[in-house]
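One structure below.
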Amino acid sequence: MSKIYPVDPTFAANAHLRKADYEKLYAESVKDPEGFWGRIGERLEWTKKPSRIRDVSFDPRDLHIRWYDDGELNVSANCLDRHLATRGDKTAIIFEGDDPSESRRISYRELHAEVCKFANTLKHLGVGKGDRVAIYMPMIPEAAVAMLACARIGAIHSVVFGGFSPDSLAGRIADSTAKVVVTADEGLRGGKKIPLKANVDAALQRPGTNSVETVIVVRRTGSAVAMQSPRDRYYHALMEGQSADCPAEPMEAEHPLFILYTSGSTGKPKGVLHTSGGYLVYASFTHELVFDLREDDVYWCTADVGWVTGHSYVVYGPLANGATTLMFDGVPNYPDFGRFWQVVDKHKVSLFYTAPTAIRALMREGEAPVKKWSRASLRLLGSVGEPINPEAWEWYYRVVGDERCPIVDTWWQTETGGILITPLAGAIDTKPGSATLPFFGVQPAVVDATGTVLEGPAEGNLLITDSWPGQMRTVYGDHERFIETYFKAYPGNYFTGDGVRRDEDGYYWITGRVDDVINVSGHRIGTAEVESALVAHPKVAEAAVVGCPHEIKGQGIYAFVTLVAGEQGSEELRKELVAWVRKEIGPIATPDYLQWAPGLPKTRSGKIMRRILRKIGENQPDQLGDISTLADPTVVKNLVDERLIR
Ligand code: 6R9
C-alpha cells in the first residue's frame, strides 16, 4: 500500500476547487463535453464567438480534430491586450539571469509594446500569416516576445531548444521551411557561453535551409559575432523606430499557432502542430486550476521555452491568465545548489514547477542548500516530465515545501498541449509517485497488448479515448504519420506511448514509455536518432541504443556499437563517438554507456531484438526471455559478459 497524503484542509479552504467540485465537474465534462467546453471556452476573448464547439473523429479512416471551429481570436491579444485595462502595470514577466545579479521585471503594458514592435518588425521583413519562424534562443524575455509577435500576425513559430546542435536545428528549419530565424549572439548558462549565432551560421550551411531570408540576432552577452549582410540583422536595430501599435489580427480558431519538434520511436523528430483556440483554452484553464492560481501569485516554471512545458506553462497559459511568470536563464547548480531557493526568496515565488531530474540532483546535495533560504512564499509545488520516484516526491514535500505545500505531479506530453492527469491540490488526495486522476474532459483507458480494455485495477498501455481542446492536430507536413503514430495501434483511440498502472482507487501511475523513446532528464530522445548519429561516423558499422536506469536523469542512454571491419574499440574511440553524438544532436543525447558489440542480437529476418539489449542495459541478464529465435544466439553471451552496468 502506498502512502496517502490527504488534501490539506487549510489549502482546500481557499482553493478554487474541492473534492465535491472535482467529482461533479468531471462527471459533467465527460457527459456533456460540448456544453462543458463551450462554457470553458468563454474564458477567452473571441473576436467571433464560436458556435461549433467540437468536431472530432478518432477513426483512422476519417481522422479530424477541430475545436471552436467557427470562432476567431488572436492569441497574443488574449495574452496581452485583454489585460491592459486592469493589469497594465502588473508584472507579466520576471526575468532572472544566469548571473544572480541580473534581473528585471516587465509589465503587461511594456510587454504589449515590445510584442507590437516586434510584430511590426516581422511584417516589415515580409513575414505574414502562415509563414514559419524558427526561434533558437536563451530563456530571455525576447523569446516570449518573438513567440507572441508571431501569434499576433498569424506566423507559425517553431522554437528549437538552444541546446540542440547545428544539425538538429538545420533539420527543423528544413522541415518547416522557416523564413526567419530569431536567435541571440550567445547564451549564458552556468557561467558558460553557448555560441547560438555561430550554431545558426553552421546550420544554414546545411542543405535544405535556404528558405531562411533573415536571421535576427538579440544581443545577450554582447560578444562580437559574425554578421552576414544582408541576411543577419540585430534585433535592437530592427526594433528602432518601429511603431508600438500593431492591431492584433483575428485568426480562425484552428489557425496553426506553433510547431514543436519531438522525438518519436522511429525516424526524424515529428513537427507537432498546435492550433490557436483550443490550445489556449486548454493551456490557460489547466494552468489556473492545476496551480490554483490567484491574482497575486508569482509563478515559476523552470522549463526552457524549447520544450512544450515552456510553451504552455511559461508563456501561453500564465500570460493568458494575466499571471506573473518568471523566466530563468540559469541552471539549478550555479553559482551553487541553492540557486532555485535563492530565486524563490528574491522574487517571492509562490507556485513552483520543475522536473524530477532537478529534484533528484538537488536531493543528492543534502538539505543545507535548501534550508539556507526561507522559501516562506511557496504555497504549491509541481512536477513534470517523467515519473517522480516516491523518495524524490517525499524529499520535495518535506525539505523544499516544509510539509506545507501540496505537490501536483502532472502527466502530459508535447502532443497533449496541456496537463491531462494530475491532482488538484484542494480536491484530490495525493500518493507519492502517482499523477492521480484525469483532468476535466480527459478519459484515460488501460489496454493490454491485444487492445482489450481493462477495467478496475490493471496495468497496460495508456490510451485517451476522446479528444480535449489542447490536443495536437497533425504532424506538420505529414498527416499520414500523425494517424499512423497515434491512432492506428488502437483504432478509435489516441495512443500515448506510455505504460500505466491503475490502482484500486482509480489512481494512475505512469510507468514510462513503451516505445523506443528514452526519457533523459525529462527530455525525449528517440533511439533511432542516436543510432543514426552513431552510424554516420565512418568507423561505425551498426548501432543499437536502449534506455538504462540512471540515478539522476531517470533514464540514461546505453549504446551498443559494432565497428567496421578492421577497427578496434578503444577508450579513445569511445570518447570520440560520445563527442560525435553530442555534436550531431546536442549534449542531451550524450550516451552514458557505450559498449562494443562484435555482433547484435537479430532475428532471422535481420531485425535487432531490442528487448534483449534493454535487459542487458538494465543489468537483468537472467531475464532475457526466449533467445532461441535469434539468428545467432551466441552473440548474446558476449554482450552479457561485457556489459557496463552490474
Ligand atoms: C510535458 C512533457 C512526454 C513524456 C510522456 C511521459 C513522460 C511527462 C510525466 C511523465 C510520468 C509525469 N512524462 N510527465 N511521466 N509522470 N508527471 O514532458 O512532454 O517532453 O513530450 O514528454 O514524458 O513518458 O509520454 P514531453
Exercise for review: Could you pull out the residue among ALA85, ALA92 that is among the hydrophobic types (A, V, I, L, M, F, W, C) and without any contact (Cβ under 8 Å) to a residue 60 or more places away in the chain?
Suggested key: ALA85
Point to revise | Residue ranges of helices (runs of 4 or more DSSP H) in segment 47-155 with at least 3 members open to solvent by 10 Å² or more (accessible area, probe 1.4 Å), in contact with a helix residue (DSSP H, G or I) (Cβ under 6 Å, 6 or more places away or on another chain) and of a type outside the set (Ser, Thr, Tyr) | key: 108-124
Check your understanding: Does HIS523 satisfy being under 28 Å from CYS301 (Cβ atoms) and touching a Gly at 6+ places or on another chain (Cβ under 6 Å)?
Key -> no
Practice item. Kindly establish whether THR302 is without any contact (Cβ under 8 Å) to a residue 60 or more places away in the chain, within 25 Å of PRO438 (Cα to Cα), assigned by the TED database to the domain that holds THR86 and β-branched (Val, Ile, Thr). Key: yes
Review point. Can you tell me which residues in segment 83-122 are within 30 Å of THR214 (Cα to Cα) and hydrophobic (A, V, I, L, M, F, W, C)?
Key: ALA92, ILE93, ILE94, PHE95, ILE106, LEU111, ALA113, VAL115, CYS116, PHE118, ALA119, LEU122
Point to revise | Residue within segment 450-459 that is within 16 Å of the ligand (Cβ to nearest atom) and surrounded by 18 or more Cβ atoms within 10 Å (Cβ to Cβ) present | key: no
Point to revise | Enumeration of residues in segment 597-633 that are among the hydroxyl-bearing types (Ser, Thr, Tyr) and open to solvent by less than 50 Å² (accessible area, probe 1.4 Å) | key: THR603
Review point. Can you pull out the residues in segment 376-421 that are within 8 Å of the ligand (Cβ to nearest atom) and over 19 Å from the mean Cα position of the chain (by Cα)?
Key: none
Check your understanding: Quick check: is even one residue across segment 585-608 out of contact with any strand residue (DSSP E or B) (no Cβ under 6 Å at 6 or more places or on another chain), farther than 26 Å from ASP641 by Cα and away from the ligand (no atom under 16 Å from the Cβ)?
Key -> yes
Practice item. Being crowded, with 21+ Cβ neighbours inside 10 Å and within 16 Å of the ligand (Cβ to nearest atom) narrows it down to one of PHE340, PHE328, PHE352, so name that one. Key: PHE352
Check your understanding: Which of (1) more than 13 Å from the ligand (Cβ to nearest atom); (2) among the hydrophobic types (A, V, I, L, M, F, W, C); (3) touching a Lys or Arg at 6+ places or on another chain (Cβ under 9 Å); (4) under 22 Å from VAL160 (Cα atoms) does VAL530 not meet, given it meets every other one?
Key -> (3)
Exercise for review: Give me the pairs, please: first residue somewhere in segment 226-244 and in contact (Cβ under 8 Å) with a residue 60 or more places away in the chain, second residue anywhere and surrounded by 15 or more Cβ atoms within 10 Å (Cβ to Cβ) and small (Gly, Ala, Ser), beta-carbon distance under 7 Å, and either six or more positions apart or on two chains.
Suggested key: ALA244/ALA113
Study note, to complete from the structure: Checked segment 460-472 for anything in a loop (DSSP other than H, G, I, E, B) and within 16 Å of the ligand (Cβ to nearest atom); matches are TRP468, GLY470, GLN471, MET472
**Study point:** Per-region count, segment 389-447, residues touching a helix residue (DSSP H, G or I) at 6+ places or on another chain (Cβ under 8 Å), over 30 Å from LEU280 (Cβ atoms), assigned to a loop (DSSP other than H, G, I, E, B) and touching a residue at least 12 places away in the same chain (Cβ under 8 Å)
**Key:** 3
Check your understanding: Of all residues in segment 141-168, how many are among the basic types (Lys, Arg) and free of Cβ contacts under 8 Å to residues at least 60 places away in the same chain?
Key -> 0
Revision key, fill the gap. Conditions (1) of a type in the set (Val, Ile, Thr); (2) open to solvent by 10 Å² or more (accessible area, probe 1.4 Å); (3) within 16 Å of the ligand (Cβ to nearest atom); (4) assigned to a loop (DSSP other than H, G, I, E, B) -> VAL305 fails only (2)
Practice item. Using the structure shown, decide if ALA13 is of a type outside the set (S, T, N, Q), under 28 Å from THR324 (Cα atoms) and loosely packed, with under 14 Cβ neighbours inside 10 Å. Key: yes
Exercise for review: For LEU577, indicate whether it is crowded, with 18+ Cβ neighbours inside 10 Å, of a type in the set (A, V, I, L, M, F, W, C) and part of a loop (DSSP other than H, G, I, E, B).
Suggested key: no
Exercise for review: Answer yes or no: is there a residue in segment 234-242 that is part of a strand (DSSP E or B), under 30 Å from ARG82 (Cα atoms) and either within 26 Å of the chain's Cα centre (by Cα) or charged (D, E, K, R) (or both).
Suggested key: no
Exercise for review: Return a yes/no flag: does segment 475-484 have any residue that is open to solvent by 10 Å² or more (accessible area, probe 1.4 Å), more than 10 Å from the ligand (Cβ to nearest atom), outside any loop (DSSP other than H, G, I, E, B) and closer than 20 Å to THR357 by Cβ.
Suggested key: no
Review point. Does any residue in segment 489-505 that is within 12 Å of the ligand (Cβ to nearest atom) come within less than 9 Å, Cβ to Cβ, of a residue that is in a strand (DSSP E or B) and of a type in the set (D, E, K, R) six or more places away or on a different chain, and which pairs are these?
Key: GLY497/ARG513; ASP498/ARG513; GLY499/GLU459; GLY499/ARG513; VAL500/GLU459; ARG501/GLU459
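The values are calculated or read from the model by the stated rules, or taken from the named source; none is laboratory data. Worth saying up front: this structure is predicted, and the values here are computed from it rather than measured. All Cβ positions, even for glycine, are placed from backbone atoms using ideal geometry, and neighbour counts span all protein chains on display. Surface areas here come from the heavy atoms of the whole protein model, side chains and all, with no ligands, DNA or RNA. Shrake-Rupley method; radii C 1.70, N 1.55, O 1.52, S 1.80 Å.
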